[in-house]
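One structure is given below, encoded as structure tokens.
The values are calculated or read from the model by the stated rules, or taken from the named source; none is laboratory data. All values reported here derive from a predicted model rather than from experimental measurement. Note: ideal-geometry Cβ built from the backbone for every residue, glycine included; neighbour counts use all protein chains shown. With ligands, DNA and RNA removed, areas are computed over all heavy atoms of the protein, side chains included. Shrake-Rupley method; radii C 1.70, N 1.55, O 1.52, S 1.80 Å.
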Amino acid sequence: HGCMKAVEAPFSTLVQALGNKQANSKDINVQESACLSILLYGGIVLASEMSEPERIPHFLTPSLPYLSGLMTFYAEDLTICEGLLKLFRDYAEQYIAMMTRQQCIDLFTASASLLKHYSEHHCRNRVVRKRSSAEAVEEEFEEEQKYNDVMCAIQLLIHLGTKDFTLLCNTASGASHGVETSQITDVIFFGLQQILPLMSQGLLQFPTLCQHYFSLVGFMVETYPEKLCALPFDLFNSLLDSLLFGMSHSDPLVSKSSLQGLASLAKEHLKTHALSTHLSTKPDIFENCTYRILQEVVFQPIIWDRLEPAGMALLPMAAIDVHKFIGLVNAIAAQLGSEDKQRRLHGAFEKLIKPEMLSKVSAEGREGRVVRVQFKNDFDVFVRDVQSFLILK
């Protein structure tokens with residue numbers, strides 16, 4: 001307890017001095033004091049193995065708005081921003097399971113403010129350098145470290161979206177109302193919207209960043225597909241491009257998240273026509289997705305570690321417009337040259353795509369489960385058949 005007080009006292013003095021303008025935020029000594037305070041709070045957060053660790057949320061909660069408030073003075077300082085993001089990420093990761101309802105609400109409020117200030121200064125107009133394929137592993141690692149702030153922001157968003165955190169924040173008590181789930185998802189989507197342009201510019205080339213990005217996107221697309229469908233077209237297009245990139249990724253977890261994301265978007269459109277506005281801007285969204293799933297995943301040797309999610313993505317794509325799907329199959333078959341291969345490909349698709357099955361793709365309950373299980377089995381047979389005579393290079 002004495003150690004915690006020793007950290008809190010100088011930080012309170014610093015905050016008071018900055019607030020009263022008795023200290024100049026640009027003074028090097030003041031900046032070093034801010035950095036030191038963040039590091040010391042970070043050290044306390046990492047002491048989760050101590051006895052009675054619930055003391056740490058009790059100690060840290062009153063300081064959260066003031067820590068987040070440092071962004072008022074240091075929003076343009078990436079070192080301080082990254083330190084704060086790391087602190088909040090580690091705190092959420094270590095202590096959400098033991099926080100009280102009010103502690104969760106205070107963490108959410110402070111995190112929302114932190115992410116808003118961070119994104120305004122470090123996501124917009126940021127240039128991402130394209131990595132050369134000739135770079136050594138050490139150079140790749142060093143380059144990825146330059147974007148550690150983005151990694152921390154993504155991880156913090158993931159923790160804020162966990163079910164336990166959302167439920168605790170959403171619980172009302174006699175003293176106050178809880179935080180609505182929609183408020184939490186709004187903050188997560190705000191953060192995702194800021195990060196999306198960066199990811200499309202080239203951050204997906206970094207393995208660790210890529211994994212965490214798809215963990216966040218996979219969760220959000222599966223849980224809140226309607227919100228992603230409602231993104232402005234440019235952002236939706238960036239999201240779609242990243243999912244199409246990820247589906248053929250060498251990491252099976254990335255590819256699975258990407259294919260599940262594509263499936264969720266297609267199923268949401270089947271149910272609610274959620275993408276009608278975007279389709280008026282780009283009518284071939286689903287034809288392009290279907291074509292690329294077939295060409296880049298299904299007809300490739302990589303299919304075997306992502307067989308089920310690939311099938312579950314293809315099913316709703318075919319159900320959206322079966323006539324366009326058939327036209328797409330005809331176009332692919334025409335590229336094969338060999339009449340025997342064309343005939344075999346058409347025959348394989350005829351066995352796979354059954355009209356009565358497509359009409360029940362969006363069904364709920366047992367009927368929907370039966371359709372998915374049947375298609376899963378049929379798709380396995382289809383892939384084995386097609387792979388026996390057709391491997392696109």
| field | Flag for Leu345 being under 34 Å from the mean Cα position of the chain (by Cα) and under 24 Å from Asp284 (Cβ atoms) | value | no
| request: Filter the stretch 355-388 for residues that are part of a loop (DSSP other than H, G, I, E, B) and either in contact with a Lys or Arg (Cβ under 6 Å, 6 or more places away or on another chain) or more than 23 Å from Trp304 (Cα to Cα) (or both) and give the result. | output: Ser359, Lys360, Val361, Ser362, Ala363, Glu364
| said: Looking at the structure I just gave you, is Ile326 crowded, with 18+ Cβ neighbours inside 10 Å and at pLDDT 90 or above? | reply: no
| request: Pick out the one residue from Ala331, Ala318 that is among the small types (Gly, Ala, Ser), out of contact with any helix residue (DSSP H, G or I) (no Cβ under 6 Å at 6 or more places or on another chain) and either under 21 Å from Leu262 (Cβ atoms) or assigned to a helix (DSSP H, G or I) (or both). | output: Ala331
| message | Can you tell me which condition Asp305 does not meet? The list is (1) touching a His at 6+ places or on another chain (Cβ under 9 Å); (2) touching a residue at least 40 places away in the same chain (Cβ under 8 Å), and all the others hold. | response | (1)
| query | Does the stretch 136-146 include one or more residues that are modelled with pLDDT of 75 or more and either within 12 Å of the chain's Cα centre (by Cα) or at positive phi (or both)? | reply | no
| Flag for Leu156 being out of contact with any Cys (no Cβ under 7 Å at 6 or more places or on another chain), within 25 Å of Thr72 (Cα to Cα) and either at pLDDT below 85 or open to solvent by less than 30 Å² (accessible area, probe 1.4 Å) (or both) | yes
| message | Show me the helices (runs of 4 or more DSSP H) found entirely inside the stretch 12-81 where at least 1 residues are of a type in the set (D, E, K, R) and open to solvent by 70 Å² or more (accessible area, probe 1.4 Å). | response | 28-45, 55-60
| Got a sec? Which of His346, His273 is without any contact (Cβ under 8 Å) to a residue 12 or more places away in the chain and open to solvent by 40 Å² or more (accessible area, probe 1.4 Å)? | His273
| message | Condition first: at pLDDT below 90, closer than 23 Å to Glu82 by Cβ, open to solvent by less than 40 Å² (accessible area, probe 1.4 Å) and polar (S, T, N, Q). Can you find one or more residues in the stretch 180-189 that meet it? | response | no
| Residues in the stretch 85-101: is at least one outside any loop (DSSP other than H, G, I, E, B), open to solvent by less than 50 Å² (accessible area, probe 1.4 Å) and at pLDDT below 90? | yes
| Is one or more of the residues making up the stretch 280-298 hydroxyl-bearing (Ser, Thr, Tyr) and in a loop (DSSP other than H, G, I, E, B)? | no
